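Inspection log for the structure reproduced underneath, given as structure tokens.
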Amino acid sequence: MAETLVTLKTRRSCRAYKPELIEEEKLNAIIEAGTYAATGMGKQSPIIIAVTDKAMRDKLSKMNAAVFGADFDPFYGAPELLIVLANKDIPTFIYDGSLVMGNLMNAAADLGIASCWIHRAKEEFESAEGKAILKGLGIKGNYEGIGHLILGYASKPDADPVPRKADYVYII
């Protein structure tokens, strides 16, 4: 079977991480894969923010937990993350950003890096604190948070895949 198909079938979301950062070359390769996601009419509406700084990672974790109304680390101890936002002025922005997230997850799996899509980026970056982060990075525009991809090395083995449901596919 082609390696891409193996990666697609074996990738799992991880919710327990080791503290060490991933290698810079692997992080850059994952990010590059995200930039090659299909986008509506090739408009490339998304942007990717890489967070490797622990203080910023922890700040974002607290912001995310506050949106969730929880008092735990919604990033499951992952040491770094990628944030995908997309330009709301492009009609396909949600789909574009979702495809970037998919490319990022699959590239990470292919490189032996664990990941998990964490929601609430929309709410985080609609807040004054989130807008201030974007402004501090020099990011201008009408961006909406699509998701966070937490990254790292898994601290326990992947779970077995759940069987695919019987009525997943219909052929005409």
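Roughly speaking, what is the stretch gain from THR10 to ASN28, that is 0.36 nm per residue apart minus the C-alpha to C-alpha distance, in nm to one decimal? Stretched out fully, the THR10 to ASN28 stretch lengthens by 4.3 nm.
On a per residue basis, the range 5-106 carries 54 Å² of accessible surface, using protein heavy atoms and a 1.4 Å probe. For the chain, calculate the relative contact order in percent as a whole number, restricting contacts to Cα pairs under 8 Å that are 6 or more residues apart. Relative CO of the chain lands at 33 percent. Split the accessible area of the chain by element, probe 1.4 Å, and carbon with sulfur accounts for 56%. For the range 6-72, the set of trypsin sites (Lys or Arg not before Pro) satisfying both a DSSP loop assignment and a count of at most 15 other C-beta atoms within 10 Å is given as LYS43. Each Lys or Arg adds one and each Asp or Glu subtracts one; over the other residues with Cβ under 9 Å from the Cβ of ASP158, this totals +2.
Summing +1 for each Lys or Arg and -1 for each Asp or Glu among the other residues whose beta-carbon sits under 13 angstrom from that of LEU5 gives 0.
Counting Lys and Arg as +1 and Asp and Glu as -1 over every other residue whose Cβ lies under 14 Å from the Cβ of ASN106, the net charge comes to +1. For the range 50-104 versus the range 109-136, the inter-centroid distance based on Cα atoms is 2 Å.
Legend: helices of the chain (whole DSSP H runs) are marked when their alpha-carbon atoms reach 15 angstrom or more along the helix axis and their mean Kyte-Doolittle hydropathy is at least -0.5; marked are 24-35, 54-68, 93-110.
If exposed GluC sites (Glu not before Pro) are those in a DSSP loop with at most 12 other Cβ within 10 Å, what is the longest stretch of the chain that has none? Of all site-free stretches, the longest is 24-172. Straight-line cross-link reach from LYS88 at under 17 Å between alpha-carbon atoms covers these aspartates and glutamates, not counting any fewer than eight positions away in the same chain: ASP96, GLU123, GLU124, GLU126, GLU144.
Inverting the pair-averaged 1/r between distinct Cα atoms of the chain gives 16.8 Å as its Kirkwood hydrodynamic radius. Within the range 58-87, the chymotrypsin sites (Phe, Trp or Tyr not before Pro) that combine a DSSP coil assignment with at most 15 other C-beta atoms in a 10 angstrom radius are PHE72.
Here the range 24-71 is described by how far its Cα atoms reach on the three principal axes: 40, 27, 11 Å, from widest to narrowest.
The values are calculated or read from the model by the stated rules, or taken from the named source; none is laboratory data. Please read all numbers here as calculations on a predicted model, not as lab measurements. Backbone-built Cβ (ideal geometry, glycine too); neighbour counts: all protein chains shown. These area figures cover heavy atoms from the full protein model, side chains too; ligands, DNA and RNA do not enter into them. Shrake-Rupley method; radii C 1.70, N 1.55, O 1.52, S 1.80 Å.
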